[in-house]
Amino acid sequence: MTDRVIFAILAAAVLVLSACGKTEEPAEEQKAPETSAVEQEKSMAEKAMDTAKEGGEKAMEMAKEGADKASEMASATAEKGAEMADATVAKAEELIQQAKDYIEKGEHALGEGVMKELRALKDSLPESLQAEIDKLEQMMSSQPSAPAPSAGQ
């Protein structure tokens, strides 16, 4: 829209300027310069539009490439996060089994050491494992602790 207004103003200015200096020339000669000036302006406007279009296309390409790279990075981060979560769950399952073994053997002190590690992991685990840790806590608290060996024995 702005290009049309500018084009109209330039065309009017060209008409006024060409009419001022050539009063005695035939009308056909006066129209020739007008037409070439109008055509030049039109050509320049078309070139500007083409350049703007090319720039817009280039910007869209760059934006798409950036979005693709961001998507790849997000996928990689999510994959790495899933791997870390799986490793944490596997470690917790291993510790739960160790705690069960210590409880069965009556080795309260060793079981308490494992429970300390499980408490540190508990908030990052699925609810099912959190419930299992709670059960182990109850088992540990209900199990009588072995008396400490006396120094004189």
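A few notes on this one:
- Cα→Cβ-extended label distance, 7 Å offset, between K53 and A131, nm: 6.4 nm
- Cα-projected label distance for D123 with S75, points at 7 Å along beta-carbon direction, nm: 3.3 nm
Where a number appears in this text, it was derived from the coordinates with a stated rule and is not lab data. Note that the coordinates shown come from a computational prediction; the quantities given were computed from them, not determined experimentally. Virtual Cβ from ideal backbone geometry, glycine too; neighbours counted across all protein chains shown.
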